[in-house]
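Single-structure report; data block below.
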Amino acid sequence: MKGMLDFLEKAGLVKKDEPVPPPSDNTDTASAPPLITEPLIMDIPAAIPSGEPLDLARIYADQGVPASIYPAERLLRLVDGLSAMDEATRLMAIKAMDAADESWSIEDPLADAAAKLTALATHAEQLQMRQQALQAQTQARLDAVAARQAQTVGDIRQQISELEALVERELARAAQETATQQAALQTAQAQTARELGEIAQTSQRLQSLARQFGSTQAQE
């Protein structure tokens, strides 16, 4: 999927310097062990969901919802415009408009609403699957960070005391990476929750058409 988080390949753990050569004064001293240099920093996910509003037109187009001569949104606007009427009067008024205009029938917006409800349900399922995949990938990254941290800290602590500063840098780096990964996940979760909320609100409005006019079809 486009706009989904895309993780880069895991970077290498550490780089090792060449062994330090023995002193030049012929002192009988063993060569120093290879020093562990700073680990390569893991790249941050490049794609984080944006905060743009839900693009219903794109969702409907992606899901193949056909164009309607009388879209459901048009009927919703009509219903909103007649909201001052009681339900029975509003229904009679819309039925009269339907009967007076042969270019459309009440079945047109109802069919459009049904198709869009199906599209929204499919998109919501895709959002949930994407979120689950992102969560699994993020957890794998966090596990890799934790495992790398343990190995790196263990290696550093075997070195001489002057290398102890590397331990603290590795711990800070791992904490920073963990915080970044968690922040990316929280951003995606918030975006998904907002989009699902918009879908639920739109679905409720579309479903109201079936409740208001579905019985009308049965009576006719």
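The values are calculated or read from the model by the stated rules, or taken from the named source; none is laboratory data. In this text, all values refer to a predicted model and were calculated from it rather than measured experimentally. Every residue, glycine among them, receives a Cβ derived from its backbone with ideal geometry; neighbour counts consider all protein chains shown. Protein only, heavy atoms only, side chains kept; ligands, DNA and RNA dropped before computing areas. Shrake-Rupley method; radii C 1.70, N 1.55, O 1.52, S 1.80 Å.
Here are the numbers for this structure:
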item: Spin-label pair Ala67/Thr118, simplified geometry with 7 Å Cα→Cβ offset, distance in nm; result: 2.0
item: In nm, spacing of pseudo-spin labels at Asp143 and Thr187 (7 Å Cα→C-beta vector); result: 2.5
item: Cβ-Cβ FRET estimate between Ala179 and Arg205, R0 fixed at 41 Å, reported to 0.05; result: 0.55
item: Extension reserve of the Val153-Glu87 stretch, reckoned as 0.36 nm per residue once the Cα distance is removed; result: 16.7 nm
item: Computed over segment 113-180, Kirkwood Rh from alpha-carbon pairs, angstrom; result: 14.9
item: Segment 65-111 - percent of accessible surface contributed by carbon and sulfur, probe 1.4 Å; result: 58
item: Estimated inter-spin distance, Ala172 and Gln135, nm [label 7 Å along Cα→Cβ]; result: 3.4
item: Segment 124-134 - phi-based ³J(HN,Hα) in whole Hz, Karplus 6.51/-1.76/1.60, Gly and Pro as x; result: 4, 5, 5, 4, 5, 5, 5, 5, 5, 5, 5
item: Share of Cα-Cα pairs in segment 65-220 lying beyond 20 Å, as whole percent; result: 66
